[in-house]
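Accompanying notes for the structure given below.
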Amino acid sequence: MRSLRVFMQVTPTSVVVLGPDNEAKTIDNPTVLMADFGLWVKTEKSLSLYTWERVAHIEFGDEKSVQKVWEEAILTVFEDLLEDMEDDIDYEEEAESEAVEPVSEESKEENTNADDPNANPYN
């Protein structure tokens, strides 16, 4: 998962994460900070960082949070699409600039002189 921009703070209804013992743990009404590397989960008692591999489920029930996350998700999808399109365009431009023009028979004859000691007779 590429994650939502750099950081996004929201309050989900609940988060299910895998703890150090690999057991699923549900955290109700935390404040979370979504980052490229994982999910910061803040409760009244603690602050924890879970890598995205350890995040099993995030649920948003509050209408304001749903709208914020949805808008951010759409923006991320479009940014990824634009980035992929730019990569494709760059790749096509590189391929076009690296294309080798075929050498005609006339230019081969002009460049090859049998008396030239530096000429490669196998071209």
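The values are calculated or read from the model by the stated rules, or taken from the named source; none is laboratory data. Note that this is a predicted model, so its numbers are computed, not measured. Neighbour counts run over all protein chains shown; Cβ positions are idealised from the backbone, glycine included.
Just a few scattered comments:
- Qualifying residue in region 31-52 (condition: surrounded by 12 or more Cβ atoms within 10 Å (Cβ to Cβ) and part of a helix (DSSP H, G or I)): yes
- Check on Ala119, more than 27 Å from Met8 (Cα to Cα), among the small types (Gly, Ala, Ser) and at pLDDT 75 or above: yes
- Scanning region 61-101 for residues that are among the hydroxyl-bearing types (Ser, Thr, Tyr), under 20 Å from the mean Cα position of the chain (by Cα) and either at pLDDT 85 or above or closer than 19 Å to Met34 by Cβ (or both) gives a single hit, Thr76.
- A search for C-beta distances below 8 Å between a residue of region 21-34 that is farther than 16 Å from Ser46 by Cα and any residue that is among the small types (Gly, Ala, Ser) and in a strand (DSSP E or B), counting only pairs 6+ apart in sequence or on different chains, returns Ala24/Ala56.
- Of all residues in region 76-93 being of a type in the set (Val, Ile, Thr) and free of Cβ contacts under 8 Å to residues at least 60 places away in the same chain, the one that is farthest from Met8 (Cα to Cα): Ile89
- Filtering Lys68, Lys64 for residues that are within 13 Å of Gln9 (Cβ to Cβ) and in contact (Cβ under 8 Å) with a residue 60 or more places away in the chain leaves a single hit, Lys68.
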